[in-house]
Amino acid sequence: MQPLPQNKYNKKCILKLLRVHFNVEIAPYEVAAFRGAIIEKVGLENDLFHNHINNKKDKNGSNYAYRYPRIQYKRIGKQPVILCVGDGVEEIHKFFEQKNWDIYIGKDLLEMRIAKLDLNEFEMRVSERMNYYSIRNWVALNQQAYNQYQKLDGIVEKIAFLEKKLIGNILAFAKGIGWHIEENIELKITDLPQNQLISYKKQRLETFHVDFKTNVFLPQYIGLGAKTSVGMGTVFLKK
């Protein structure tokens with residue numbers, strides 16, 4: 001299986017997405033545990049499920065693969081969902097071929113059955129038309145950027161700062177799927193951002209809920225920003 005190109009881009013990019021909803025319910029804080037249970041089921045050798053490269057570490061001692069996550073774990077309408085992006089669509093068969101799909105989250109057994117499958121292909125594009133979205137639990141800022149953000153005095157400056165970060169996240173997503181955006185990206189945050197602190201792996205993360213418009217087409221439910229593999233930064237189309 002060939003990975004999506006990282007350094008070669010196509011002016012026209014067709015992106016395949018598969019969304020798998022399961023018939024059980026989980027709490028928002030259980031998405032990471034759901035991810036861990038699926039990884040355990042398929043095995044660590046299948047790295048697209050966990051985005052770490054076995055037996056390889058960078059100079060900081062991390063074996064994390066710095067690529068856009070092909071398999072993302074989410075909670076939509078209380079149901080656990082796996083979103084497969086590009087090569088992840090083919091890779092998900094390694095879960096489906098398991099004889100038993102049941103998983104444990106803590107001490108709770110979840111008897112997993114498919115509630116819904118949604119397979120689509122999208123032509124990625126930038127157009128004159130503005131599309132309206134919301135992004136939820138967006139991890140927009142690393143520690144350095146957070147310190148810069150906190151030093152800004154006015155809401156106008158803070159919104160402009162977040163708009164630049166969101167454009168950067170869109171460009172990172174595009175690069176990750178092999179899509180070279182040549183056009184200028186237009187993006188405006190359309191309402192005051194809401195921020196909240198959430199717990200993740202015994203840490204407190206500041207996340208944002210943001211409504212925005214942009215001339216870039218974004219498929220619903222993709223993730224932008226950090227921690228997208230565990231459902232952070234999920235994009236919703238506003239009607």
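Structure notes:
- Test result for A140, under 20 Å from L197 (Cα atoms), without any contact (Cβ under 8 Å) to a residue 40 or more places away in the chain and of a type in the set (A, V, I, L, M, F, W, C): no
- Test for Q2: is it under 18 Å from the mean Cα position of the chain (by Cα) and at pLDDT below 85: no
- Counted as qualifying within region 101-197 are the strands (runs of 3 or more DSSP E) with 2 or more residues that are closer than 30 Å to A33 by Cα, namely 103-105, 108-110, 114-124, 126-138.
- Residue in region 38-51 that is touching a Phe, Trp or Tyr at 6+ places or on another chain (Cβ under 8 Å), closer than 19 Å to K227 by Cα, at pLDDT below 95 and open to solvent by 20 Å² or more (accessible area, probe 1.4 Å) present: no
- Count of residues meeting criterion [within 23 Å of the chain's Cα centre (by Cα) and surrounded by fewer than 14 Cβ atoms within 10 Å (Cβ to Cβ)] in region 83-102: 2
- Complete set of residues in region 103-132 that are in contact with a Cys (Cβ under 8 Å, 6 or more places away or on another chain) and either surrounded by 14 or more Cβ atoms within 10 Å (Cβ to Cβ) or free of Cβ contacts under 8 Å to residues at least 24 places away in the same chain (or both): M124
- Selection of first residues in region 185-206 that are within 19 Å of F161 (Cβ to Cβ) and open to solvent by less than 80 Å² (accessible area, probe 1.4 Å) and of second residues that are in a loop (DSSP other than H, G, I, E, B) and of a type in the set (D, E), restricted to Cβ pairs under 8 Å at least 6 apart or on distinct chains, gives an empty result.
The values are calculated or read from the model by the stated rules, or taken from the named source; none is laboratory data. Model, not experiment: these values are computed from the prediction. Every residue, glycine as well, gets a Cβ built from its backbone with ideal geometry; the counts of neighbours run over all protein chains shown. The protein model used for the area step is the full one, side chains on, heavy atoms only, and it has no ligands, DNA or RNA in it. Shrake-Rupley method; radii C 1.70, N 1.55, O 1.52, S 1.80 Å.
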